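Here's the structure we're looking at; comments come further down.
The values are calculated or read from the model by the stated rules, or taken from the named source; none is laboratory data. All values reported here derive from a predicted model rather than from experimental measurement. All Cβ positions, glycine included, derive from the backbone under ideal geometry; neighbour counts span all protein chains shown.
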Amino acid sequence: MTTVFNVNEATFAYGDKTVIDHLSAKIEAGRFYGIIGPNGCGKSTLVDLLTGHRRPLRGTVSYLGKPLGRYPKSRVARKIALVPQNFYINFPFTAREVVMMGRYPHMPRFSAPSPADIQRVEQIMAETRTDTLADRYVNELSGGERQRVVFTRALAQDASVLMLDEATSNLDVNHTLLLLNLAARRVKQGKTVIAVFQDINLAALYCDHLIFMAAGQVAVSGPVDRVLTPETLEWVFQVAAKVEFDDYCNAKQVVFRK
């Protein structure tokens, strides 16, 4: 199986605060990865390293066998799509125009969108049910509506790697399942999804592999059935929990005691 990302002893700090501490991990193609851990453990910073938005102070982050920093930004934009945790835009772009931004990496510089680009945007907006928002200004949308538009923009990018940094945190259950189902469909097509989750049960429902982080390092990593255990949850979160396979959702699920 192809190794998409290889993180080797990566360290990153904000000033004198180390948030990624000699972290190593491998991400294989065609899998749905969930990154889970307590607040402040470095989950979003790891996503920033994997997208090339930040570079490690020490260690390396490689993409398809080559240091990520050596790739032109234009190629990274064609290969890696990100749904960030927060998205702010002050200009009055319509939702359709924001989604079209996902096609920019595939368009020649200074070129207008092609008929194929326009068709792709219309298609993906219909799939994500954001077509009803197409002509509304994105800075006038609710937080959940805006998040759906940004998710749609990333899907329109048609990248081989989709990064989701708590990408459904503002969404209702209906839209959360809709968008994660679309992401999971891309994994079946051979693409890779890497998602930061706060909801452990949602991660267990969709992911093939889980990466549990603690204090800037990988605490436990592996297939969901192997690593999602009461022992892992107690180690990483310091909480007691029961983990059982649920026939209704066909996945492991976690139950906490108040």
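The lone criterion from (1) over 22 Å from Leu177 (Cα atoms); (2) touching a helix residue (DSSP H, G or I) at 6+ places or on another chain (Cβ under 9 Å); (3) in a helix (DSSP H, G or I) left unmet by Asp135 is number (3). Among the residues of segment 1-56, those that are of a type in the set (Ser, Thr, Tyr) and in a strand (DSSP E or B) comprise Thr3, Thr11, Tyr14, Thr18, Ser24, Tyr33. Number of residues in segment 6-43 that are over 22 Å from Asp199 (Cβ atoms), buried (at least 17 other Cβ atoms within 10 Å of the Cβ) and charged (D, E, K, R) equals 0.
Of everything in segment 187-230 that's charged (D, E, K, R) and in contact with a strand residue (DSSP E or B) (Cβ under 8 Å, 6 or more places away or on another chain), which residue is nearest to Phe256 (Cα to Cα)? Only one residue fits best here, namely Asp225.
Within segment 195-252, the set of residues being in a helix (DSSP H, G or I), in contact (Cβ under 8 Å) with a residue 40 or more places away in the chain and over 21 Å from Leu177 (Cα atoms) comprises Val236, Phe237. For segment 83-115, a residue qualifies if it is in a loop (DSSP other than H, G, I, E, B), within 20 Å of the chain's Cα centre (by Cα) and closer than 16 Å to Gln157 by Cα, and exactly one does: Pro84. Scanning segment 231-241 for residues that are out of contact with any Leu (no Cβ under 7 Å at 6 or more places or on another chain) and either of a type in the set (A, V, I, L, M) or over 19 Å from Gln198 (Cβ atoms) (or both) turns up Glu231, Leu233, Val236, Ala240. Looking across segment 131-145 at every residue that is of a type in the set (S, T, N, Q) and surrounded by fewer than 12 Cβ atoms within 10 Å (Cβ to Cβ), the one that is farthest from Asp172 (Cα to Cα) is identified as Thr132. Checking the condition in contact with a Lys or Arg (Cβ under 9 Å, 6 or more places away or on another chain), over 15 Å from Leu179 (Cβ atoms) and surrounded by 14 or more Cβ atoms within 10 Å (Cβ to Cβ), which residue from Leu155, Leu64 passes? One residue alone meets the criteria, Leu64.
Hey, any hits in segment 188-208 for a residue that's hydroxyl-bearing (Ser, Thr, Tyr) and more than 22 Å from Ile27 (Cβ to Cβ)? No, segment 188-208 has no match at all. Mind counting the residues in segment 73-110 that are in contact (Cβ under 8 Å) with a residue 24 or more places away in the chain and loosely packed, with under 13 Cβ neighbours inside 10 Å? Selection size over segment 73-110: 4.
When residues in segment 161-194 are screened for being of a type in the set (S, T, N, Q) and assigned to a helix (DSSP H, G or I), 3 of them pass. When we screen Arg31, Arg70 for residues that are at pLDDT 95 or above and charged (D, E, K, R), the only hit is Arg31. Please tell me if Arg186 is under 29 Å from Thr45 (Cβ atoms), crowded, with 23+ Cβ neighbours inside 10 Å and over 12 Å from the mean Cα position of the chain (by Cα). Spelling it out, it is not the case that Arg186 is under 29 Å from Thr45 (Cβ atoms), crowded, with 23+ Cβ neighbours inside 10 Å and over 12 Å from the mean Cα position of the chain (by Cα).
For segment 169-178, indicate whether the set of residues that are small (Gly, Ala, Ser) and more than 21 Å from Gln85 (Cα to Cα) is non-empty. No: segment 169-178 contains no residue that is small (Gly, Ala, Ser) and more than 21 Å from Gln85 (Cα to Cα). Cβ-Cβ contacts under 6 Å between residues 6 or more apart (or on different chains), taken from a first residue in segment 48-72 that is more than 15 Å from Thr192 (Cβ to Cβ) to a second residue that is modelled with pLDDT under 95 and among the polar types (S, T, N, Q), are absent.
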